[in-house]
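K.L.:
Once you've had a glance at the structure underneath, I'll fire off some questions.
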Amino acid sequence: MRRVARAGRQPSDPGSGELTGAVVRLVDPTRLPPRVRAGMVRRFGVVVSDSVRTAGVVAVGSGRWLADAVMETAPHIPVRDAETLSAHHKGLVGDGLAWAVIDSAARATGAVGAAGGMLASIEFSTSPPMLLTAPVQVAAETLAVVAIEVKLIAELHEIYRRPAVGTPAVRAAAYLGAWTRRRAVDLDQPVLQAAPGRARQHRREPRLVRRAGENSITVVPFLAGAVAGASLNSRETKKLGRRLVADMGGRV
């Protein structure tokens, strides 16, 4: 994963693909108006749709597409160090900073859920056949939410001075393992925790499929889906953050 310098700059990633670039834009911590976020989700959905079409329906349904997409994008997610995070959150440190970062991530995943619901309601009211794109929308939302949560995990490890080590790919694999287990990275077993491969990827697929099932609630017609999606995503992200804080010895 890309570590962000203290100045907070996030250099471009010319080597990453279109899907990776779309994910990186979505995990930007900057607050955006709901309609702007909905527009980002819409554009993101187009990129995801192209990727899904290439992978095939079976890959999407099994979770293999999500697992591949997460593995592809995770090393490029920008991660702020503790000093940068503190500067972005009015000088907070330690547990206070951790909870501020968790709240920010929960707002971000909630915004993705709300934007997905808003998009579904707009599509339903203007052109009901567009609901056929719902599986792609759910896949797009799930990928965005997982990316935000993996970024959260990495930044919590930075706050508690327990970052994974190695290349961006190795660090990303370690944090993806932490996301799968809902536990902090075990620094005493770096090779085991960081080793990428299809065996570990297969274990991620069932969790990704379950999360996609939860996110499908945002395609409920009208704004009821937006409210439900925002609430579900925020709650799950806060639960994940609480477990990680407790695991690293913080105050919950």
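K.L.:
Can you compute the FRET efficiency between residue 50 and residue 28 using 1/(1 + (r/R0)^6), with r the Cβ-Cβ distance and R0 = 30 Å? Round to the nearest 0.05.
P.N.:
Plugging the Cβ-Cβ distance into 1/(1 + (r/R0)^6) gives 0.85.
K.L.:
While we're on this one: At a 10 Å Cβ-Cβ cut-off, how would you order 167, 84, fewest neighbours first?
P.N.:
Taking fewest neighbouring Cβ atoms as first place, the list is 167, 84.
K.L.:
Residue 246 to residue 186: extension gain in nm, 0.36 nm per residue of separation minus the Cα-Cα distance?
P.N.:
Residue separation times 0.36 nm, minus the Cα-Cα distance, leaves 20.2 nm.
Computed from the coordinates by the stated procedures, all read-outs in this text should not be read as laboratory data. Predicted model, so just to flag it, every value in this text is computed and none were measured. Positions of Cβ are backbone-derived with ideal geometry, glycine not excepted, and every protein chain shown enters the neighbour counts.
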